[in-house]
Amino acid sequence: MTHPSAFPTAGSKALPVALVGAGPGHPGLLTLRAAEVLSHADFVLYDRLVPLSLLSHCKPQAERVCVEQLPGDHAYRTPQIHAALIDAARRGLRVVRLKGGDPFVFGRGAEEAQALREAGIDFEIVPGVTAGLGATAFAGIPVTHRRHASAVAFVTGHEYPSKEDSQLDWAALAAFPGTLVFYMSVSRLVYLTQTLIAHGKPADTPAAIVQQGTTGRQRTATATLATLADTMQRGSFSPPSLVVIGDVVTLREEIAWVERLPLFGKRVLITRPRHQADSMAARVAQLGGEPVFLPVVDVLPPLTFDEIDSCIDAVGRYHWLVFTSVNGVRAFLNRFRLRGKDMRALAGLKLAAIGPATADALREFHLEADLVPSAYNSEGLVEALRPRVVGLRVLLARADRGLELLRDELSRVASVEQIAVYRQVDERPTGPALTLLHTGAIDLVSCTSSNIAGGLAMVLGEEGRKHIEAGRTKLVSISPRTTAAARACGLTVAAEATDYTTEGVLEAMVRLISADR
Ligand code: SAH
């Protein structure tokens, strides 16, 4: 035994390599153990189909390599993959091999385990939700059912029925008393269905194809064994798709659920800084939409900490500490701790937060806001604070750009100091998300601040603007102020949040889509 416990743990006893299943596509279908090993990894070798958002579980400094970056061609890359894993493990790195679905289901995970064993390198296997279970469940097709199927077979469609050394017994498959789930079968579907029928499987057996199951791009079509290939062609289904054959397919009519989600089939652009986008993306996915990341602004530390540090060192002289963003809270309080300060230094101060997300950020530091206005904007904060700060000293911790309203209004009754605890900069994103925006393939764009509205106006270009004008791409704003900022940039706003929060933006999106449907 190279490790003392039956369940390998993180820390000094961690095994050098983990072969990890990433699940079928939905970021929430990653196991807890997979997230844990990813968070400790130094080197991650991932498959092309693995959702990139899963890599956000990694440490920022972890090296991430897609197998496609390795030399060689798709099917013949196995030796390079094995060599890369062995080499990284020998360099003392903690290695994660991240594979779609489950590593041992048509994933060549076993071959990788064998190669590692041969090289004398210990490993751990982290199973994943295989597409045959994930994509079917998301299509509302149970693979077993007490009345319809008491067995299920996972089969690769990759082999030609005519292949001489085929390991598939087509007669046995045709006679199989249960559900057949075919992986990798899109290009062979005509052969596959015809061969099953030729071997006696009834031509009217219900059948379905599920493309990109569990993702925001999931598509499903149902047919019979005889008509499935035609249905697939007419619907232009492409890999990765799964084929399900059996009576259970009829249950989809009753059980289908993903299609009922409010943002099903909609691509939602998330424009806030990437490191703050995950929770919104998760909510979009929960609502059935496909989150697409295109950060148009970023948040950076200030150029110098002199001003913040002198405020922190003399924090006891303020009566109120006022935060207008999650970033402001984190920037100020992280610096506070970095300077070795004790939270008790804040004991005598009152804390104000502009809205619930900012108040939640304070809770990350075990602090409760003394004041959150009922309207989550600067006006609301002024209204609520003004009577409470008369004659007192107030510190506003905020971005390097923003409204001066708070300072100007409060200065009438209090002694106000304002410091920039972080910088906001415009991003110039490129890549596939930008192409989607320029080609009208984005349905909804979240606009969660005035600065983002400005950033968006710059990246949209002529093409993007056209799609917004035509109503193909709809802009949803977080507040009247953001709406005004977007309009000032010549952008049409399709909807505005009633609650000035991210959740409010999502609610406005849902209202917009339901009205359209
Ligand atoms: N190890 C993976 C399978 C790898 S083989 C697993 O356990 O799921 C790749 C095949 O899996 C694809 O050709 C397709 O048939 C299927 N597949 C993978 N992800 C899928 C998805 N999200 N929806 C439908 N089929 C998928």
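Here are some notes:
- Share, in percent, of DSSP beta bridges within the stretch 133-260 that are antiparallel, nearest 5: 75
- Around the amide H of residue 46, modelled in the peptide plane, lie the amide H atoms of 65, 66, 67, 98, all under 5 Å away and 5 or more residues distant in sequence or on another chain.
- Of all DSSP beta bridges in the chain, antiparallel share, percent nearest 5: 30
- Taken along the Cα-to-beta-carbon direction at a fixed 7 Å, the label points for residue 342 and residue 78 span 6.3 nm.
- Heavy-atom accessible area per residue - the chain, 1.4 Å, Å²: 46
- Rg over Rh for the chain works out to 1.05, using Cα positions for both radii and the Kirkwood form for Rh.
- Here residue 167 and residue 435 are evaluated by their C-beta separation; at R0 = 45 Å the FRET efficiency comes out at 0.60.
- Stretching residue 405 away from residue 236 to a fully extended chain increases their span by 55.4 nm, per 0.36 nm per residue minus the current alpha-carbon distance.
- Residues whose amide H comes within less than 5 Å of that of residue 293, counting only those at least five positions distant or on another chain, are 270 (H built at 1.01 Å from N in the peptide plane).
- The overall shape of the stretch 213-282, judged from the alpha-carbon gyration tensor, is prolate: a/c is not under 1.5, and a/b is greater than b/c.
- Counted over the stretch 17-129, the DSSP beta bridges are approximately 5% antiparallel.
- Modelled FRET efficiency - R0 41 Å, residue 42 with residue 204, Cβ distances, 0.05 increments: 0.15
- Accessible surface of the chain, 1.4 Å probe, proportion on carbon and sulfur as whole %: 53
- Helix content alone sets the calculated 222 nm mean residue ellipticity of the chain: runs of n ≥ 4 DSSP H residues at -39500 (n - 2.57) each, divided across all residues, give -9500 deg cm²/dmol.
- Rounded D (µm²/s) - the stretch 300-426, Kirkwood Rh over Cα pairs, Stokes-Einstein at 37 °C, 0.692 mPa s: 228
- Expected-Rg normalisation [2.2 N^0.38 Å, Cα atoms] applied to the stretch 17-129: 0.95
- The stretch 389-517: Cα Rg divided by the 2.2 N^0.38 Å rule of thumb: 1.26
- Of the two radii for the stretch 138-214, the radius of gyration is 0.95 times the Kirkwood radius, both from the alpha carbons; that is the Rg over Rh value.
- Gained length - residue 260 relative to residue 489, 0.36 nm times residue gap less alpha-carbon distance: 78.9 nm
- Efficiency of FRET between residue 117 and residue 61 - r from beta-carbon atoms, R0 25 angstrom, step 0.05: 0.30
- log₁₀ of I(q)/I(0) at q = 0.16, 0.17, 0.21 Å⁻¹ - the stretch 43-197, Debye sum with one point per alpha carbon: -1.03, -1.10, -1.37
- In this structure, the amide hydrogen of residue 392, modeled 1.01 Å from its nitrogen in the peptide plane, lies closer than 5 angstrom to those of 415, counting only residues at least 5 positions away or on a different chain.
The values are calculated or read from the model by the stated rules, or taken from the named source; none is laboratory data. As the structure is a prediction and not an experimental result, all values here were calculated from the model. Cβ atoms come from the backbone with ideal geometry, glycine included; neighbour counts cover every protein chain shown. When the accessible area is computed, the model is the full protein with side chains, heavy atoms only, and any ligands, DNA or RNA have been set aside. Shrake-Rupley method; radii C 1.70, N 1.55, O 1.52, S 1.80 Å.
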